[in-house]
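One structure below.
The values are calculated or read from the model by the stated rules, or taken from the named source; none is laboratory data. The structure presented is a predicted model; accordingly, all values stated were derived computationally and were not measured. Neighbour counts run over all protein chains shown; Cβ positions are idealised from the backbone, glycine included. Just the protein is used for accessible areas: all its heavy atoms, side chains included, with ligands, DNA and RNA removed. Shrake-Rupley method; radii C 1.70, N 1.55, O 1.52, S 1.80 Å.
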Amino acid sequence: MGKINPIRVYCIAEEFDFNRLSQYLSGKTNSTVIKDTILYTPSTGGTALFFKSGVLVFWDVDFDTQKYILESIKDYLVGHYNKPITEDFSYMVESSQTGFKISRDIIYLNEETDLIKIAVSYPLAQSTKLYRFEESISDIIKR
């Protein structure tokens with residue numbers, strides 16, 4: 001059985017200033033732009049995915065590195081949220097697994113590639129962004 005690894009999703013802004021952010025990260029090496037996503041590999045390990053929609057997904061990135069990245073990208077946020085939304089997930093790689101599945105709140109992958117991480121992260125990012133909209137609507141109704 002494989003090791004269970006963390007995924008943390010942050011919805012931190014309306015959107016990223018995507019061009020400026022990609023230029024900033026390209027100067028740090030280990031970053032690639034794939035459509036509306038920036039794939040970044042921190043020197044401490046793991047993977048960070050920046051979605052144009054203001055959502056950031058960390059795959060197996062330690063907490064201190066997450067804090068550092070979140071602090072370092074503040075200048076590239078458009079419509080910064082005072083109260084970001086975070087969601088936590090877990091994943092495990094099992095080579096015997098055929099394809100992808102979710103069971104008991106764990107995402108099971110048969111291999112750990114960047115494209116699979118993007119494919120899994122996209123709906124997680126969308127779900128977290130939707131939750132942010134729901135909270136905004138709830139706040140408006142309360143007022």
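Dividing the alpha-carbon radius of gyration of region 38-84 by the rule-of-thumb value 2.2 N^0.38 Å gives 1.11.
Could you order the peptides 6-14, 32-40, 53-61 from most to least packed, using the average number of other C-beta atoms within 10 Å per residue?
53-61, 6-14, 32-40
Pairs of Cα atoms under 8 Å, at least six residues apart: use those to get the relative contact order of region 1-114, whole percent. Dividing the mean separation by the residue count of region 1-114 yields 33 percent.
Averaging 1/r across all pairs of distinct Cα atoms in region 76-143 and inverting the result yields a Kirkwood radius of 14.3 Å.
Divide the volume of the convex hull of the Cα atoms of region 5-143 by its number of residues and quote the answer in cubic angstrom per residue.
Working: hull volume 15.7 nm³, N = 139.
With only Cα atoms used, region 5-143 gives 113 Å³ per residue.
Solvent-accessible area assigned to carbon and sulfur over the chain amounts to 51 percent, based on a 1.4 Å probe.
Along region 91-107 the Karplus relation, 6.51 cos²θ - 1.76 cosθ + 1.60 evaluated at θ = phi - 60°, assigns HN-Hα couplings of 9, 9, 9, 10, 5, 6, 5, 9, x, 10, 8, 10, 8, 6, 6, 10, 8 Hz to successive residues, with x for each Gly and Pro. Over region 1-80, all Cα pairs binned in 10 Å intervals from 0 give whole-percent P(r) values of 19, 57, 21, 4, 0, listed from short to long.
Close amide-amide hydrogen proximity is noted between Ala13 and Tyr81, each under 5 Å apart and 5 or more residues distant or on a separate chain (H modeled in the peptide plane; Pro and chain starts excluded).
Largest to smallest in accessible area, the residues Asp105, Asp139, Asp88 fall in the order Asp105, Asp88, Asp139 (1.4 Å probe, all protein chains included). The charge dipole of region 1-112, taken about its Cα centre with unit charges on the Cβ of Lys, Arg, Asp and Glu (plus for the first two, minus for the last two), comes to roughly 80 debye. Over region 1-55, accessible surface divided per residue gives 49 Å², non-protein components excluded, 1.4 Å probe. Amide H contacts for Tyr91 (H built 1.01 Å from N in the peptide plane; partners 5 or more residues away or on another chain; cut-off under 5 Å): Asn5, Ile7, Ile107. Each residue of region 74-82 is assigned a 3J(HN,Hα), and the resulting list reads 4, 6, 10, 8, 10, x, 4, 8, 5 Hz, derived from the Karplus form 6.51 cos²θ - 1.76 cosθ + 1.60 (θ = phi - 60°), x at Gly and Pro. Calculated FRET efficiency, Asn82 to Arg104, Cβ-Cβ distance, R0 = 41 Å: about 0.75 to the nearest 0.05. Bridging of Lys83 to lysines at a Cα separation below 16 Å is possible for Lys67, Lys74, Lys129, once same-chain residues fewer than 8 apart are set aside. Measuring only protein heavy atoms, the 1.4 Å probe finds Leu49 accessible over about 0 Å².
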